[in-house]
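Below: the structure, in structure tokens.
Each reported figure results from applying straightforward, stated rules to the coordinates on display, with no laboratory input. Computed from a predicted model, the values in this text were never measured in an experiment. Cβ atoms come from the backbone with ideal geometry, glycine included; neighbour counts cover every protein chain shown.
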Amino acid sequence: MSKRISTAKLRRMATDGEKIVMVTCYDATFARLVDEAGVDAILVGDSLGMVIQGHEHTIPVTLDDVIYHSRAVARGCSKPHLVGDLPFGSYQTGLDDALRSAARLMKEGGVQAVKLEGGEPYAEAVHRMTTAGIPVMGHLGLTPQSVHQFGGYKIQGRTQTAAEKLKHDARCLVEAGIYSLVLEGIPAPLAAEVTADIGVPTIGIGAGGGCSGQVLVLYDLLGLDDRFNPKFLKKFDNLHQRVVDAVGNYAREVRTGDFPTAHHSH
Ligand code: KIV
């Protein structure tokens, strides 16, 4: 039986006021590290399109891409709750497509749950998935797959109307059966209000401290990209500089002949 943290455990944590710690992850090596660091949950996010594949946004990511990375992450860790992201185009084209995509991600990717972006228009798809035994994490607010519709990465839910719509969408998703909800890029008071209102754990990113937990893109919190400095991000290290320094030292020693030495030779 899997020793992974379950959806029920995440719900208990939220009820007990214990913050849920989530990071994104895309490969087995980092999966082992974040497991050792004690994170509660891993999202194999379609942010892989940006940080792994070098795209400007998440739109080009395919279901096969997410399955590939999910399998690697699943092999690398044993304890964190594992969620796979349904990429753009894998669930928007109809209920059957949505169910088929979610089932593939679970069967082939080895994840325990799937995440999808959007509110009321996707409630029926969520219902189909949860009825079929697939736990679904919702995602509202600054949903990156809608970047072109938003006209950029802009904070959502700022007006009264937009806030009311987001709260309505959250309730529709809960009614459809989501077990958790990511709230991204919305005002902190709105995120806190939704969290108090809906009765399932909320996971914030750029949504203040009033959510049941927090998610960050792993490469962002490690400070791997010196060009990415949004207001919501805290960098817990500067791996950009540390990697440049380490690889620079390696290059210098190869060129000077200081590496490899007899110590590193057979
Ligand atoms: O794809 C992703 O990494 C995400 C999180 C940032 C929530 O959706």
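Quick notes on this one:
- Estimated translational diffusion coefficient (Stokes-Einstein, Kirkwood radius over Cα pairs, 20 °C, 1.002 mPa s) of the chain: 111 µm² per second.
- Label zone at Glu175 (point 7 Å along Cα-to-Cβ), backbone N below 16 Å, region 106-131: 119-128
- Taking packing as the residue-averaged number of other Cβ atoms within 10 angstrom, the listed peptides 208-221, 244-257, 105-118 run from highest to lowest as 105-118, 208-221, 244-257.
- Take the Cα of Thr161, step 7 Å toward its Cβ, do the same at Asp225, and the gap between the two points is 3.2 nm.
- Remark: spin-label model distance Gln53-Thr131 equals 3.1 nm, labels positioned 7 Å along the Cα→Cβ axis.
- With 0.36 nm allotted per residue and the present C-alpha distance subtracted, the Ser146-Asp245 stretch has 31.9 nm of extension available.
- Gain in span if fully extended, Leu95 to Glu120, counting 0.36 nm per residue against the direct Cα distance: 7.6 nm
- 10 Å binning of all Cα-Cα separations within region 1-105, expressed as whole percents from 0 upward: 15, 41, 34, 10
- Taking amide H as placed 1.01 Å from N in the peptide plane, Lys115 has its amide H under 5 Å from the amide H of Gly84, Asp85, Leu86, Met137, each at least 5 places away in sequence or on another chain.
- Each of Ser6 and Leu33 was given a label point 7 Å from its Cα along the Cα-to-Cβ line. The distance between the two points is 3.2 nm.
- Charge context of Ala125, other residues only, Cβ under 15 angstrom, K/R +1, D/E -1: -4
- Farthest toward the positive end of the dipole of the chain, out of Ala74, Val44, Ala192, is the Cα of Ala74, where the dipole comes from beta carbon charges about the Cα centre.
- Rounded to the nearest Hz, the phi-derived 3J(HN,Hα) couplings of region 36-46 under the Karplus curve 6.51 cos²θ - 1.76 cosθ + 1.60 (θ = phi - 60°) are 4, 6, x, 5, 7, 8, 10, 10, 7, x, 6, where x marks glycine and proline.
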